[in-house]
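Participant: Handing you a structure now.
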Amino acid sequence: MKKTIISCAVTGSLHTPTMSDALPVTPEQIGTSALEAAKAGASILHLHARNPQNGAPSGAVEHYEAYLTTLAEGTDAVLNITTGGSPTMTVEERLQAALRFRPEMCSLNMGSLNFALHKLADRYPSWKEDWEEPYLRGSESNIFRNTFTDIREISALLRPHGTRFEHECYDVGHIYNLKHCLDDGHFDGPVFLQFVMGVMGGIGADIENLVFLKKTADKLLGDYEFSVVAAGAQQMKLAAVAAQLGGHVRVGLEDSLYISRGKLARSNAQQVEKIREILTLQGNEIASPDEAREILDLKGAANTKIGAPS
């Protein structure tokens, strides 16, 4: 059996500062938390940025640059920059950092969806920052835009630089979208899928759905690699199942703030340590960053613009 890649999604755009003191929001916090996760065993770091003044999701190049150089100097983990940003950003805002830094890998959402977070707002009686409650409640009206035009244009902008994609599939139709894009020549195979499960507006996080997603990908895509995100309480369980099915795993505070039911995680590293222990106990060997690069056919850190002058 091939080795299992552990990805860590360090901060994301879903959770807000009130929800957990462990959520990294400043460049220093994001950088430190990411390095700790890599040391714990994550070979890929999935990265978003935050406004250091208030912790709000940001697409600004300077907010990425404030921690990316530190990561490039401090770890050999693959640095995977989002092109999803947050549902409230334009596609242009979401692409700024990826175009500037030309990373080895970027996430790429394979379809639009109703990405809703509004029910989370009912859990908190007060807020650290003024933007948090309107951001969450306003998501009831969100359409997270990822049209075929958007997908094609993102590929056209990043593919010439050797950037490969983590194709984020929030529902089974997104796998069909990817098949259409492959048939049209927008991507090179074999592709790397990230099944994102448990987000309101997408497919539910249960084993039956994971098996269905994999069977659909088997039917449509032939040779491919896949990983699993299970938002919330199913994070560890579905990661363990994904690895048993021959896939890879993703954990991190972007996807769940908890280490066990009702108990907040202390850090991203704590989640990485837990899934590494689970995988080791069930017989999975953990991939190093260079082994992850080989599995996913990445161009190598030396061929990015991270750390290079603007």
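Values in this text are rule-based calculations from the coordinates and carry no lab data. As the structure is a computational prediction, the values presented were derived from the model and not from experiment. Heads up, the Cβs are rebuilt from the backbone with ideal geometry, glycines too, and the neighbour counts pull from every protein chain shown.
Participant: Among the listed pairs Lys2/Lys214; Lys128/Lys214; Lys2/Lys119; Lys2/Lys274; Lys3/Lys237; Lys2/Lys39, give every one whose C-alpha distance is greater than 29 Å. Working shown, then result.
Facilitator: Numbers: Lys2/Lys214 17 Å; Lys128/Lys214 40 Å; Lys2/Lys119 39 Å; Lys2/Lys274 20 Å; Lys3/Lys237 19 Å; Lys2/Lys39 21 Å.
Violating the 29 Å Cα-Cα cut-off are Lys128/Lys214; Lys2/Lys119.
Participant: Shifting gears a bit: Cβ under 13 Å from Leu281's Cβ, Leu281 left aside: what net charge do those residues give with Lys, Arg +1 and Asp, Glu -1?
Facilitator: Details: positive: Lys274, Arg276; negative: Glu273, Glu277, Glu285.
Net of charged neighbours comes to -1.
Participant: Can you check what the net charge comes to around Ser126, using other residues whose Cβ is under 12 Å from the Cβ of Ser126 (Lys, Arg +1; Asp, Glu -1)? Please list the in-between numbers first.
Facilitator: On the way: positive: Arg123, Lys128; negative: Glu129, Asp130, Glu132, Glu133.
Neighbour charge sum, excluding Ser126 itself: -2.
Participant: Now for a different question. At 0.36 nm per residue, and after removing the present C-alpha to C-alpha distance, how many nm does the segment from Tyr124 to Phe148 gain when stretched out fully?
Facilitator: Details: separation 24, 0.36 × 24 = 8.64 nm, distance 3.70 nm.
The Tyr124-Phe148 span can extend by a further 4.9 nm.
Participant: Trypsin sites (Lys or Arg not before Pro) within segment 226-266: which are DSSP loop residues with at most 12 other Cβ atoms inside 10 Å? Let's see the in-between values first.
Facilitator: Numbers: sites: Lys237, Arg250, Arg261, Lys263, Arg266; in loops: Arg261, Arg266.
Of the trypsin sites (Lys or Arg not before Pro), the ones in loops of segment 226-266 whose Cβ has at most 12 other Cβ atoms within 10 Å are Arg261, Arg266.
Participant: With no solvent and one equal point scatterer per Cα, compute the Debye intensity ratio I(q)/I(0) for segment 93-203 at 0.17 Å⁻¹ and report its log10, rounded to two decimals.
Facilitator: The computed values of log10 I(q)/I(0) come out as -0.87.
Participant: Ranking request for peptides 275-281, 32-38: highest mean number of other beta-carbon atoms within 10 Å first, then the rest in descending order.
Facilitator: On the way: 275-281: 16.6, 32-38: 24.3.
So the order, starting with the most tightly packed, is 32-38, 275-281.
Participant: Between Glu208 and Asp223, with labels modelled 7 Å along Cα→Cβ, what's the label distance in nm to one decimal, could you check?
Facilitator: For the pair Glu208/Asp223, the computed spacing is 3.5 nm.
Participant: Next question, about the same structure. If contacts are Cα pairs under 8 angstrom and at least 6 residues apart, what is the relative contact order of the chain in percent?
Facilitator: With pairs under 8 Å counted, the relative contact order is 25 percent.
Participant: Rounded to the nearest 0.05, what FRET efficiency do Ser20 and Leu281 have when you use their Cβ-Cβ distance and R0 = 35 Å?
Facilitator: On the way: r = 27 Å, r/R0 = 0.77.
It comes out at approximately 0.85.
Participant: Rounded, prolate or oblate: which fits segment 6-76, taking a ≥ b ≥ c as square roots of the Cα gyration tensor eigenvalues, rounded meaning a/c under 1.5, else prolate when a/b beats b/c?
Facilitator: On the way: a/c = 1.94, a/b = 1.33, b/c = 1.46.
Oblate is the answer for segment 6-76, as a/c is 1.5 or above yet b/c matches or exceeds a/b.
Participant: What ranking do 195-202, 4-11 get when scored by the average of other Cβ atoms within 10 Å per residue, highest first? Mind dumping the intermediate values first?
Facilitator: Numbers: 195-202: 22.9, 4-11: 27.8.
Output ranking for 195-202, 4-11: 4-11, 195-202.
Participant: Which order, highest average first, do 45-54, 212-221 follow once you tally other Cβ atoms within 10 Å for each residue and take the mean per peptide? Write down the numbers at each step before the final one.
Facilitator: On the way: 45-54: 21.6, 212-221: 16.0.
For the peptides 45-54, 212-221, the packing ranking is 45-54, 212-221.
Participant: Quick one: grab the alpha carbon gyration tensor of the chain, order the square roots of its eigenvalues as a ≥ b ≥ c, and give me rounded if a/c is under 1.5, else prolate or oblate depending on whether a/b is larger than b/c.
Facilitator: On the way: a/c = 1.16, a/b = 1.12, b/c = 1.04.
Rounded.
Participant: Can you tell me how much longer the chain between Thr88 and Ser141 gets when fully stretched, taken as 0.36 nm per residue apart minus their C-alpha distance, in nm with one decimal?
Facilitator: Result: 18.0 nm gained on full extension.
Participant: Continuing with the same structure: Please give, to one decimal in nm, the separation of the simple spin-label points placed at Lys305 and Ala156, each 7 Å out from Cα toward the Cβ.
Facilitator: Each label point is offset 7 Å from its Cα along the Cβ direction, giving 1.9 nm.
Participant: In the neighborhood of Glu225, defined by Cβ-to-Cβ distances under 15 Å, what is the net charge if each Lys or Arg adds +1 and each Asp or Glu adds -1? Provide the component values of the computation, followed by the final result.
Facilitator: On the way: positive: Lys2, Lys3, Arg164, Lys214, Arg250, Arg293; negative: Glu104, Glu166, Glu168, Asp188, Asp218, Asp223, Glu291, Glu294, Asp297.
Result for the neighbourhood of Glu225: -3.
Participant: Another question, if that's okay. Between Lys3 and Asp183, how high is the FRET efficiency from 1/(1 + (r/R0)^6) when r is the Cβ-Cβ distance and R₀ = 35 Å? Nearest 0.05. Please list the in-between numbers first.
Facilitator: Details: r = 31 Å, r/R0 = 0.87.
Taking R0 as 35 Å, the efficiency between Lys3 and Asp183 is 0.70.
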